[in-house]
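Note sheet for the following structure.
The values are calculated or read from the model by the stated rules, or taken from the named source; none is laboratory data. Because the structure is predicted, anything quoted here is derived from the model rather than measured. When we count neighbours, we look across all protein chains shown, and the Cβ atoms used for this are built from the backbone with ideal geometry, even at glycine. With ligands, DNA and RNA removed, areas are computed over all heavy atoms of the protein, side chains included. Shrake-Rupley method; radii C 1.70, N 1.55, O 1.52, S 1.80 Å.
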Amino acid sequence: MMKRKGLAAVAIVLSIMAAPALKADTLADALSAAYNNSGLLEQNRALLRAADEGVAQSVAATLPVINWSISADRTRAASPVTGAMTTTDSALARVTGDLTLYDFGVNRLGIDAQKEVVLGTRQALRGVEQDVLLRAVQAYMNVRSAGEFVQLRQNNVRLIIQEFRAAQDRFEVGEVTRTDVALAEARLAGARSELAGAQGDLAQAIEEYLVAVGRAPGGPRAVSPAPVSRSIDDAKAFAVRNHPAILEAQHSVSAAEINIMRAEAATRPRVSLNGFVSTDNDSNESAQIGVSIGGPIYQGGLILSQFRQVQANRDSARSALHLTTIAIEQQVGNAFASLQVAQASRQASEQQIRAARVAFEGVREEATLGSRTTLDVLNAEQELLDAETNRIAAQSSEVIASYSLLAAMGLLTADHLNLPVQQYDPAEYYNLVKDAPSVLSSQGAALDRVLEAIGKE
């Protein structure tokens, strides 16, 4: 089994190295696949549906509650006159109902609080979506840069082989010493070792791609950085208004504040309508309806403790909002700085490549004339290799930093990127359950069809 897995990984590595022969994947293709294949998104969509049910349950508390019961009894008793045992069977069927008429807003506030939870959970889902897409961007660029590193190392090996053979030829005619040949041979062994390392990095990058995107990569194309804000202040201001983590924290604060009002209302009386209808085995029917009012008087300090608890939760939510805002602003600043560094590094590496290529070609030509040693040629070639490596890394870092900045601003979503996917509508399930539909209603039947479709996915 392990051998087959290893052969499969090698096959994928070879396919990436032969990328021109494949149908190349665009970054949008990879992001779309990640969106469609993500188990993490499916998990958090289920969590959102669970939060939606909280609204339905809160709404149900405002509706009539009807229950039924059937009881049967058999009584055996001795006659006080004759002493004979008699058996009496009895049965009772009862339907009871209860409806809250007025509770000073406890149930209504419960619905409002749960709605805030739903809105916060939607923002949490947006945050997960950003994490999934950013991981796909990183996986895509890592595969692309790792493939380029492999090709670069392969070219380096071929070039050093040429230098090694040239050194051997010059040694045979007495132009260089055995030292020059040994230097070229050592550099060739090092280049082959670095090629093996690059191939291993590519295999690891492919494994990460499989997890992040949900399928094997094709031949990645060149990618341009995402268009982002040119001002760090504008980016931070936008992020504070739109980042899902901040919006989620805001909804948590709102829910906590509503729960304080709900705790206050819970100390007041509750007015309810209740009644029952029953019949026994002798067809004797009875019915009752009435109104009751009541509320807490003393519960051993429980009510005051619960009130202090929701106040503490509110204070915690406010602190969390403050800390989240600071963290998001820091993320924006870090991403913006990383993007600027990557841009400067890419520009410098391009200049370095031009100069290093001229120097390498000159040194190699001078070596053929005997004015440069084999070591000079190898060192010049190494400088060119380092420059090309730096450019590949800088290009990858620039793209990742630009998408990281989008994520820090709250814009790395399928909607903003206009990905060709069927986007998940967080309101669809909520609209089906928000009124707590019964099994027999048309809305309940529609909900059953939706749940059946979800189960088949």
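Some values worked out for this structure:
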read-out: Residue in the stretch 85-101 that is nearest to GLY290 (Cα to Cα), counting only those that are open to solvent by 60 Å² or more (accessible area, probe 1.4 Å) and of a type in the set (Val, Ile, Thr); value: VAL95
read-out: Among the residues listed as GLN343, GLN331, the single one being of a type in the set (S, T, N, Q), farther than 15 Å from ILE392 by Cα and out of contact with any strand residue (DSSP E or B) (no Cβ under 8 Å at 6 or more places or on another chain); value: GLN331
read-out: Any chance LEU412 is modelled with pLDDT of 90 or more, surrounded by 18 or more Cβ atoms within 10 Å (Cβ to Cβ), within 19 Å of the chain's Cα centre (by Cα) and part of a loop (DSSP other than H, G, I, E, B); value: yes
read-out: Test result for VAL137, modelled with pLDDT of 95 or more, open to solvent by less than 30 Å² (accessible area, probe 1.4 Å), out of contact with any strand residue (DSSP E or B) (no Cβ under 8 Å at 6 or more places or on another chain) and not small (Gly, Ala, Ser); value: yes
read-out: Qualifying positions in the stretch 234-260 - crowded, with 19+ Cβ neighbours inside 10 Å and farther than 30 Å from ARG108 by Cα; value: ALA235, LYS236, ALA239
read-out: ALA356 being modelled with pLDDT of 95 or more, part of a helix (DSSP H, G or I) and surrounded by 13 or more Cβ atoms within 10 Å (Cβ to Cβ); value: no
read-out: Flag if TYR140 is under 30 Å from ILE258 (Cα atoms) and either touching a residue at least 40 places away in the same chain (Cβ under 8 Å) or of a type in the set (Asp, Glu) (or both); value: no
read-out: Qualifying residue in the stretch 221-233 (condition: open to solvent by less than 60 Å² (accessible area, probe 1.4 Å), polar (S, T, N, Q) and within 34 Å of the chain's Cα centre (by Cα)); value: yes
read-out: Among the residues listed as ARG372, ARG391, the single one being open to solvent by 10 Å² or more (accessible area, probe 1.4 Å), of a type in the set (Lys, Arg) and in contact with a Ser or Thr (Cβ under 8 Å, 6 or more places away or on another chain); value: ARG391
read-out: Test: residue in the stretch 102-109 that is over 30 Å from HIS243 (Cα atoms), open to solvent by 40 Å² or more (accessible area, probe 1.4 Å) and touching a residue at least 40 places away in the same chain (Cβ under 8 Å); value: yes
read-out: Filtered residue count, the stretch 422-449, keeping only those that are farther than 30 Å from SER38 by Cα and at pLDDT 90 or above; value: 0
read-out: Hits in the stretch 293-322 (condition: surrounded by 12 or more Cβ atoms within 10 Å (Cβ to Cβ) and farther than 30 Å from GLN250 by Cβ); value: GLY295, PRO296
read-out: Pairs, first under 15 Å from LEU159 (Cβ atoms) in the stretch 362-378, second in a loop (DSSP other than H, G, I, E, B) and open to solvent by less than 60 Å² (accessible area, probe 1.4 Å), C-beta under 7 Å, six or more apart; value: THR374/VAL176
read-out: Matching residues, the stretch 57-79, being among the hydroxyl-bearing types (Ser, Thr, Tyr) and either open to solvent by 80 Å² or more (accessible area, probe 1.4 Å) or in a strand (DSSP E or B) (or both); value: SER69, SER71, THR75
read-out: Close pairs (8 angstrom Cβ cut-off, 6 or more residues apart or separate chains): over 15 Å from SER71 (Cβ atoms) and open to solvent by less than 80 Å² (accessible area, probe 1.4 Å) in the stretch 273-286, part of a strand (DSSP E or B) and of a type in the set (D, E, K, R) anywhere; value: LEU273/ASP98; ASN274/ASP98
read-out: Residue check for THR82: farther than 30 Å from LEU210 by Cα and either in contact with a strand residue (DSSP E or B) (Cβ under 7 Å, 6 or more places away or on another chain) or assigned to a strand (DSSP E or B) (or both); value: no
read-out: Selection count, the stretch 221-251, where residues are out of contact with any helix residue (DSSP H, G or I) (no Cβ under 8 Å at 6 or more places or on another chain) and either assigned to a helix (DSSP H, G or I) or of a type in the set (Phe, Trp, Tyr) (or both); value: 4
